[in-house]
Amino acid sequence: MYDFLTGPMLWLTFAVSFGGLLVRVVLYIKGLSQQLDRVAYRAHMSYGLKGAFNSIISFLNPIGARVWRIRPGFTLMFFAFHIGVVITPIFLIAHNVMLQENLGFSLPALPSGVADFLTWMAVVAGLLLTLRRVAFPEVRILTTGYDYLMMVITLAPFVTGLIARYAIGDYQFWLTAHIITGEIWLLSLPFTKLSHVVLFFMSRAQIGMDYGIKRGGMKGSSLSW
Amino acid sequence: MPEGILCNKTPIKTDEQLKLTLSDSRGTKYYAEMLELEVDSDALWALVQKTLKSRTKTWLEICAHCGLCAESCFLYQVNGRTPKQVPSYKIQSTLGQIVKKKGKVTNEFMRHCMDVAWSQCTCCNRCGMYCPHGIDMGVMFSYLRGLLYSQGFVPWELKIGSGMHRVYRAQMDVTTEDWVETCEWMAEETEEEWPGLEIPVDKQDADIMYTCNAREPKHYPEDVAEAAILFHVAGENWTVPSEGWEQTSLSMFAGDWECCKDNVQNVYDAIERLNPKRAIGTECGHAHRATVIEGPYWTGRPDGLPPRPYIHYVEWLAEALRTGKLKIDPAKRIKEPVTLQDSCNYVRNQGLKDITREIISYIVEPGFFVEMSPNKEHNYCCGGGGGFNGIGMYREQRNVALRKKMDQILDTGCKLVIAPCHNCWDAIRDLEEEYEIGIRWSFLKPLVIGMLDVPEHMLPKDEE
Ligand code: SF4
Ligand code: SF4
Ligand code: SF4
């Protein structure tokens, strides 16, 4: 079971997940239309790229956009969650050992204390973000079961990973659960709203190009997000 | 009844139909017919499939439902922060449903969408700056309006408005003759005070082709005269086209994209015909957006630009003041607290934020200019944008919407507001009428004329 999940199944998961995300990116770009979007992408590529870059960078930076600056509480939760969720799995030592065994290379690994901290950070921030959905009417009205499902899918590998890590209960069981939930998460990326892992960049770049080309960039005024 | 006589899926194309629709006072019959209007689900869905591409589709799908856009919307703020006014909710519950149900929606639902699209969003594009994914509801609502228009679910005034554009190529029934006559009349009137002043119509190869908002010749012809005075004093070689002089687009607010294209093409044709070095539009935000920012795309110009450089009035004015073509008498500068309304349609949509402040630096005594907060690209809509000002049925909601601007103005403590945008100007006028906060408001033209340092030779001889 373990061998299957970390062998063929894992490779299949990676292929579907990363391949799928790549397809989404390609389809996004193919679906852009200068007339429908009203942005002359091709004609003013350099202005467009400048705008796209400005737009992406501003929102990757916790103080880069006005919306981040005026809501420090949310911003903290948001970044804690996303940093935890993205960084930990990539740089976790256990994952890297697997990578080494299978592919013969590994990424720099996080000290386990840091990894633990990041995992906890992701889980706690995720729970707070979920609570926020219930607590604030302006978020509650938007929230659907689908949003909760996405959060469950995302947090499950982290929670199971933590349980396994602290060896609470049956280690083998939790490890298997961790691998399965991790794979479910990866498989969900291209097919659900989690596709925002790549589409965030697409969408941000697109509106950035809009501003960079048509909405002011060519007038020499760069937008202060 | 699948389609009514007044309320139907066919755009107003004839003068007859236009007069008929106009004669229906307040659209009573029109809205009664709308109750029975049939939704053509197949056509609706076909249109969605053809036009809902990457951007809008992805926006609908990846919206994180985080609610960050809520506070960014002034309508959410002034309506007691009701969750129903959260931008994302507004679009998910309208456009989102149309897409989800593949166009199989009811008449009642379409009327609901109409209410939301025209009374809960002014397409001010502010929320787009506050969404982590860059989801811009202003863009999405414009899109939704197009779908609704195609099915005949559009407020009466805007059906008429786009009909006006179709029949007269102007938002009002100003014909070519009316326009040319107004120019002649204004030139004659103004010439007494400004010897040598002309309003040249259809002059070839001028430096400037001036275009305006049909409300000017129709309701305040003095605005045309004021433009003429300033061009005259600045010594510009300018002209107005007899055809293609109207640059506004109520069809843009109505979602009548075909009509938008036709009107803008008419202006561009005038440019090609008269061959000016550049075109200058009047003090109007949505006119600028229509002819300069969106227009090139409607007409399918691959570079996204009008056929000649086409600038907003504030850009010309700043240039004329900067280069000394127009000189301000320092003694006549504004010496009272004054604030400035940033029009979404050329600030958030074309970055013209610093240039208006440059103008301020010439015409206001240092220390008297007070910024609204927030300002520039973060400024709030005046409250009447996107057609809101003109729709009788939504007057009450519009009046509520004005409160944000009222508070912003009150916070500055100023009694004078400069509003270089027709629509903002109207909204601020209505705001004073409705709430009586004791303010005055002005376009730039009359203010600048009042403080000009006019060269001796331009003054009437008999004054000496
Ligand atoms: S801020 Fe953006 S992602 Fe969040 S709810 Fe609003 S539209 Fe959706
Ligand atoms: S475009 Fe403006 S009015 Fe419309 S939802 Fe966004 S902020 Fe509100
Ligand atoms: S009317 Fe003025 S403030 Fe209001 S949306 Fe239009 S440009 Fe913006």
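The values are calculated or read from the model by the stated rules, or taken from the named source; none is laboratory data. Please read these numbers as outputs of a predicted model, since none were measured by experiment. Positions of Cβ are backbone-derived with ideal geometry, glycine not excepted, and every protein chain shown enters the neighbour counts. Note: accessible area is taken over every heavy atom of the protein model, side chains too, but ligands, DNA and RNA are not part of it. Shrake-Rupley method; radii C 1.70, N 1.55, O 1.52, S 1.80 Å.
Note on B:48-59: average number of Cβ atoms from other chains within 10 Å of each residue's Cβ is 5. With the charge dipole of the stretch B:176-223 set up from +1 on Lys and Arg Cβ and -1 on Asp and Glu Cβ about the Cα centre, the Cα lying farthest toward the positive end among the listed residues B:C212, B:P195, B:T182 is that of B:C212.
For the stretch B:443-456, 3J(HN,Hα) computed residue by residue from phi via the Karplus equation (6.51, -1.76, 1.60; θ = phi - 60°) reads 6, 6, 3, x, 4, 5, 4, x, 10, 5, 9, 8, x, 2 Hz, glycine and proline entered as x.
Per-residue accessible area (protein heavy atoms, 1.4 Å probe) orders B:H457, B:H312, A:H178 as B:H457, A:H178, B:H312, starting from the largest. Shown in residue order for the stretch B:43-53 are the 3J(HN,Hα) couplings computed by the Karplus curve 6.51 cos²θ - 1.76 cosθ + 1.60 at θ = phi - 60°: 5, 4, 5, 4, 5, 4, 4, 6, 10, 8, 9 Hz (x for Gly and Pro).
Magnitude of the charge dipole for the protein assembly as shown, about its Cα centre and with charges confined to Cβ atoms of Lys, Arg (+1) and Asp, Glu (-1), is about 3360 debye. When nucleic acids and ligands are ignored and a 1.4 Å probe is applied, B:D453 ends up with an accessible area of around 80 Å². In chain B, taking the dipole from charged Cβ atoms about the Cα centre, the farthest positive-side position among B:L230, B:M114, B:H65 is held by B:H65. Of the residues A:W120, B:C260, B:S162, the one whose Cα sits farthest toward the positive end of the charge dipole of the protein assembly as shown, with +1 on the Cβ of Lys and Arg and -1 on the Cβ of Asp and Glu, is A:W120.
The magnitude of the dipole of chain B, with charges of +1 and -1 set on the Cβ of Lys/Arg and Asp/Glu and taken from the Cα centre, is near 2760 debye.
Taking only Cα atoms, what is the 0 to 90° angle, nearest 10, from helix A:171-191's long axis to the longest principal axis of chain A? Around 20 degrees separate the two axes. Close amide-amide hydrogen proximity is noted between B:L416 and B:T339, B:R440, each under 5 Å apart and 5 or more residues distant or on a separate chain (H modeled in the peptide plane; Pro and chain starts excluded). Per-residue mean of foreign Cβ neighbours for A:24-30 is 2 (Cβ atoms of other chains, 10 Å radius). The packing ranking, built from the mean of other Cβ atoms within 10 Å per residue, places the peptides B:181-187, A:9-15, B:225-231, A:165-171 in the order B:225-231, B:181-187, A:9-15, A:165-171, highest first. Taking amide H atoms as placed 1.01 Å from N in the peptide plane, the amide H of B:I311 lies under 5 Å from those of B:A279, B:I280, B:G281, each 5 or more residues away in sequence or on another chain. Using heavy atoms of the protein chains and a probe of 1.4 Å, the accessible area assigned to B:L47 is about 50 Å².
In percent, how large is the relative contact order of the stretch A:83-216, given Cα pairs closer than 8 Å and 6 or more residues apart? Dividing the mean separation by the residue count of the stretch A:83-216 yields 16 percent.
Which FRET efficiency value, to the nearest 0.05, is calculated for B:R308 and B:W185 with the Förster distance at 41 angstrom and r the Cβ-Cβ distance? Efficiency computed from Cβ-Cβ geometry: 0.90. Relative to the longest principal axis of the Cα atoms of chain A, helix A:45-60 runs at roughly 50 degrees. A simple charge model with +1 on the Cβ of Lys and Arg, -1 on the Cβ of Asp and Glu and nothing else charged puts the dipole of the stretch B:82-172 at about 240 debye relative to its Cα centre. At R0 = 25 Å, how high is the FRET efficiency between B:R440 and B:E365 if r is their beta carbon distance? Nearest 0.05 is fine. Using R0 = 25 Å, I get an efficiency of 0.90.
Here is the link list: A:K214/B:K57; B:K218/B:K405; A:K30/A:K193; A:K50/A:K193; A:K50/B:K327; A:K30/A:K50. Which ones come out longer than 29 Å on Cα distance? Exceeds cut-off: A:K50/B:K327.
Label-to-label distance for B:E272 and B:K100 is 4.6 nm, based on points extended 7 Å past Cα in the beta-carbon direction.
Between 0 and 90 degrees, rounded to the nearest ten: what's the tilt of helix B:137-150 against the longest Cα principal axis of chain B? Between the helix axis and the principal axis of chain B, the angle is about 70 degrees. Computed from backbone phi, the HN-Hα couplings of the stretch B:394-407 come to 9, 4, 4, 5, 4, 4, 5, 4, 5, 5, 4, 5, 4, 4 Hz, rounded to whole numbers (Karplus: 6.51 cos²θ - 1.76 cosθ + 1.60, θ = phi - 60°; Gly and Pro given as x). Neighbouring Cβ atoms from other chains, within 10 Å of the Cβ of residues in B:248-261, number 0 on average.
Amide H contacts for B:V201 (H built 1.01 Å from N in the peptide plane; partners 5 or more residues away or on another chain; cut-off under 5 Å): B:V240.
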